[in-house]
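Okay, so here's the structure we're looking at.
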């Protein structure tokens with residue numbers, strides 16, 4: 001029996017799409033977590049290698065594999081609890097659909113990951129892709145109450161739960177968030193929500209990068225706590241010069257006070273955007289990263305943002321750059337080579353700054369890896385964790401690269 | 001158990017003394033008994049040897065020595081934990097980290113600090129205060145508990161409602177693994193270096209190794225604060241008011257509840273805060289932010305929500321002194337409850353916030369059925385309950401009743417969609433409840449992860465994961481031969497007989 005026939009026998013003929021992928025790898029779309037477990041259990045027995053896909057809008061679907069497992073049929077939202085500000089959603093739900101359903105219930109997931117609006121929740125969690133809102137609401141992991149995932153040998157594992165505080169057992173959710181799928185297929189996510197902000201105001205200032213970096217420091221020194229404080233390159237902001245976008249979200253009183261504080265701290269130089277302009281500004285910036293051949297993120301310190309931006313400009317250019325100077329995080333998009341990325345990563349490692357490749361074609365991913373070399377001592381731990389959750393090496397993930 | 005070998009014990013003690021100095025190795029029974037409990041009175045274990053290293057390198061040398069000899073070890077901070085998590089058996093060495101108490105760096109520009117594990121929580125905030133910064137996780141024991149212990153337990157505290165628990169504030173760690181290897185996890189900016197091993201380590205209850213350097217995030221001290229006290233005629237009404245505040249979209253810095261039993265214990269103590277003694281419950285609500293006007297406006301909205309949901313009165317602290325008094329009553333409530341009886345079990349569970357009214361009633365019914373005094377003082381905004389059972393452990397049969405009532409309370413919280421611990425950890429105390437919330441595969445996965453960090457399961461053995469409930473996991477079969485978490489006593493070079501006083 002062929003591999004495809006075997007999968008059809010397991011999951012039903014409608015779960016397999018033979019012609020869907022550009023490279024002809026059969027795509028399987030299990031309709032339940034149990035079906036994912038069945039498939040992966042069989043993959044372990046048969047030695048099949050799989051790549052995991054969501055909506056196919058972020059990571060190129062090009063990893064060499066026997067099967068492509070897509071989560072797109074895992075698209076249910078079993079629970080939204082406005083009173084508890086929590087929700088449970090399957091991993092294949094599109095972020096746009098999820099966002100709308102949450103808003104209909106007066107709730108908000110304060111994450112604005114890069115990519116197209118329909119990017120799946122599972123993809124965002126697996127890659128730990130936060131956006132400008134990380135300034136006010138933290139990285140992806142801070143929004144997760146728990147996950148259910150399926151290991152490479154088909155076991156279903158739960159971590160965390162549905163409540164907002166939970167220290168029962170080891171926090172395996174942290175391993176799944178940002179594990180790039182190397183430790184299991186995320187099938188279900190329990191989310192921490194916020195109430196939909198009553199007021200949400202974005203203000204923008206154009207200028208030189210140096211000038212705007214100083215303004216960002218002034219904002220931090222004034223004790224303002226914006227939801228987002230993002231420095232965007234001209235191409236990304238679709239403006240003549242660099243732009244510093246500030247977003248305040250919360251109660252009307254809080255946002256009004258923050259706006260007044262911003263005026264006081266910066267001399268009233270910012271321009272307030274209308275709601276539709278603000279939506280367009282943030283959405284375009286997020287989507288731009290889905291259209292560049294390569295996207296990576298670096299995590300430095302707030303006071304190193306300027307130095308890191310200089311370094312990027314020097315080594316790989318700075319046409320498509322978005323930086324959160326308040327937290328030291330920078331996202332870069334553009335074209336580059338394996339050698340340049342390796343050199344940049346080595347330089348950054350000397351500064352104690354990790355570089356994580358978020359998006360690239362398989363040859364580059366395979367060569368440099370999402371993470372590259374680990375710091376001393378961590379490699380054996382990570383290798384051990386991979387063996388634990390994927391003993392048969394079923395998942396095709398370019399974790400370390402080949403250097 | 002194999003009889004102790006005095007020569008091996010002596011050689012181990014000598015070797016430990018050679019590393020940390022003889023005065024920092026405790027072997028006499030009365031000294032070891034000092035470490036036989038943590039903050040939970042229902043568990044008691046006397047460690048074989050207690051060692052107090054004073055430097056990071058001494059920790060590494062001690063761990064390497066114990067690895068060479070195959071001796072189990074248990075890391076311990078100030079011993080304020082509430083799950084029996086830092087107790088060591090007679091065949092283990094307890095490594096007390098309170099002498100590693102240096103604040104190595106405060107970086108105001110990047111709002112971070114690097115500390116040793118034995119730094120007392122509140123001391124870090126005091127050191128950061130001149131820079132207008134503080135360390136926000138604030139367990140009730142913050143005047144005694146250590147940052148290292150907070151990392152091990154992923155500790156919370158009242159202000160975690162707005163600012164998050166310990167895991168949200170730890171950026172990087174230096175960890176000594178079970179075999180003595182040292183690994184650097186995370187980065188000072190908080191971006192993981194590969195998979196998020198910092199996030200995985202925080203809350204691992206000492207099973208993954210010993211954190212010897214901890215980089216934490218500091219936050220600005222809020223410029224504006226309003227602290228409100230609202231009192232209610234019934235627990236249910238107070239619980240409903242909590243849900244209403246949360247659903248309003250305003251996120252208080254803290255939202256705490258105390259019931260009448262707790263209120264009266266506080267008011268009868270030196271920590272009397274002026275809580276109304278006739279109230280069935282009080283809510284302590286704190287709002288903070290960078291702007292006085294905004295915080296004032298939000299406080300007015302919250303006060304209105306509280307009144308419209310049944311508050312008899314809402315009082316705002318007039319000044320810093322009154323605010324501190326209101327908080328002192330809350331933070332010392334556990335101490336005040338010492339007045340009620342000789343022993344106190346501080347329980348810890350979490351329920352969805354909307355379930356609070358029902359669950360509080362159920363807890364009251366369970367207490368009444370078992371004839372026990374149950375007081376509630378807890379983080380209502382997080383749904384993090386602390387039902388406290390006062391009892392006298394000397395009364396025959398009473399401890400068994402307390403255990404049974406605790407079990408029923410946990411079952412009720414799980415049935416409401418909650419979990420068995422929100423901030424105290426599993427330790428020894430909650431092991432029996434783990435199979436109620438995790439299936440065999442999930443427990444086995446946890447155990448397999450632990451064995452990646454500590455293949456012999458020698459660090460803080462017997463905690464967190466109930467081995468009997470784990471399904472078999474790839475690669476872990478060979479661990480089943482031991483008697484406790486796979487640790488095989490016949491391989492140990494060290495024996496100290498259990499104390500006659502130990503259980």
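Odds and ends about this structure:
- Scanning the range B:243-270 for residues that are in a helix (DSSP H, G or I), in contact with a strand residue (DSSP E or B) (Cβ under 8 Å, 6 or more places away or on another chain) and either without any contact (Cβ under 8 Å) to a residue 40 or more places away in the chain or buried (at least 22 other Cβ atoms within 10 Å of the Cβ) (or both) yields B:245, B:246, B:247, B:260, B:262, B:263, B:265, B:266.
- Residue check for residue B:124: outside any loop (DSSP other than H, G, I, E, B), buried (at least 21 other Cβ atoms within 10 Å of the Cβ), touching a helix residue (DSSP H, G or I) at 6+ places or on another chain (Cβ under 7 Å) and touching a residue at least 12 places away in the same chain (Cβ under 8 Å): yes
- Only a single item in (1) assigned to a loop (DSSP other than H, G, I, E, B); (2) closer than 23 Å to residue A:243 by Cβ is not met by residue A:401, and it is number (2).
- Looking across the range B:315-332, the residues that are assigned to a helix (DSSP H, G or I) and modelled with pLDDT of 90 or more come down to B:320, B:321, B:322, B:323, B:324, B:325, B:326, B:327, B:328, B:329, B:330.
- Residue in the range B:304-323 that is within 26 Å of residue B:80 (Cβ to Cβ) and in contact (Cβ under 8 Å) with a residue 24 or more places away in the chain present: yes
- Every test in (1) farther than 15 Å from residue B:295 by Cα; (2) in contact with a helix residue (DSSP H, G or I) (Cβ under 6 Å, 6 or more places away or on another chain); (3) within 14 Å of chain A (Cβ to nearest Cβ) is passed by residue B:254 save one, and that test is (1).
- Scan of the range B:62-91 for residues that are in contact with a helix residue (DSSP H, G or I) (Cβ under 6 Å, 6 or more places away or on another chain) and assigned to a helix (DSSP H, G or I), ordered by number: B:62, B:65
- Those residues of the range B:26-60 which are more than 30 Å from residue B:342 (Cα to Cα), surrounded by fewer than 23 Cβ atoms within 10 Å (Cβ to Cβ) and free of Cβ contacts under 8 Å to residues at least 60 places away in the same chain, in sequence order: B:52, B:54, B:55, B:57, B:58
- Check on residue A:174, facing chain B (nearest Cβ under 8 Å), touching a residue at least 60 places away in the same chain (Cβ under 8 Å) and either part of a helix (DSSP H, G or I) or buried (at least 21 other Cβ atoms within 10 Å of the Cβ) (or both): no
- Flag if residue A:363 is away from chain B (no Cβ under 12 Å) and either surrounded by fewer than 17 Cβ atoms within 10 Å (Cβ to Cβ) or over 28 Å from residue A:115 (Cα atoms) (or both): yes
- Hey, residue A:271 assigned by TED's automatic domain parsing to the domain that holds residue A:356 and in contact with a strand residue (DSSP E or B) (Cβ under 7 Å, 6 or more places away or on another chain) or not: no
- Of all residues in the range A:101-116, those satisfying the criterion of being more than 17 Å from the chain's Cα centre (by Cα), free of Cβ contacts under 8 Å to residues at least 40 places away in the same chain and farther than 18 Å from residue A:72 by Cα are A:104, A:105.
- Qualifying residue in the range B:271-287 (condition: assigned to a helix (DSSP H, G or I), in contact (Cβ under 8 Å) with a residue 12 or more places away in the chain and surrounded by 18 or more Cβ atoms within 10 Å (Cβ to Cβ)): no
- Residue match in the range B:183-198 (condition: in contact with a strand residue (DSSP E or B) (Cβ under 6 Å, 6 or more places away or on another chain), more than 10 Å from chain A (Cβ to nearest Cβ), closer than 23 Å to residue B:138 by Cα and surrounded by 24 or more Cβ atoms within 10 Å (Cβ to Cβ)): no
- Test: residue in the range B:293-308 that is surrounded by fewer than 22 Cβ atoms within 10 Å (Cβ to Cβ) and either closer than 30 Å to residue B:420 by Cβ or more than 14 Å from chain A (Cβ to nearest Cβ) (or both): yes
- Residue match in the range B:168-186 (condition: more than 24 Å from the chain's Cα centre (by Cα), modelled with pLDDT of 95 or more, farther than 17 Å from residue B:117 by Cβ and not assigned by TED's automatic domain parsing to the domain that holds residue B:52): yes
The values are calculated or read from the model by the stated rules, or taken from the named source; none is laboratory data. Quantities reported herein were computed from a predicted structural model and do not represent experimental measurements. For neighbour counting, all protein chains shown are included, and Cβ atoms are generated from backbone atoms with ideal geometry for every residue, glycine included.
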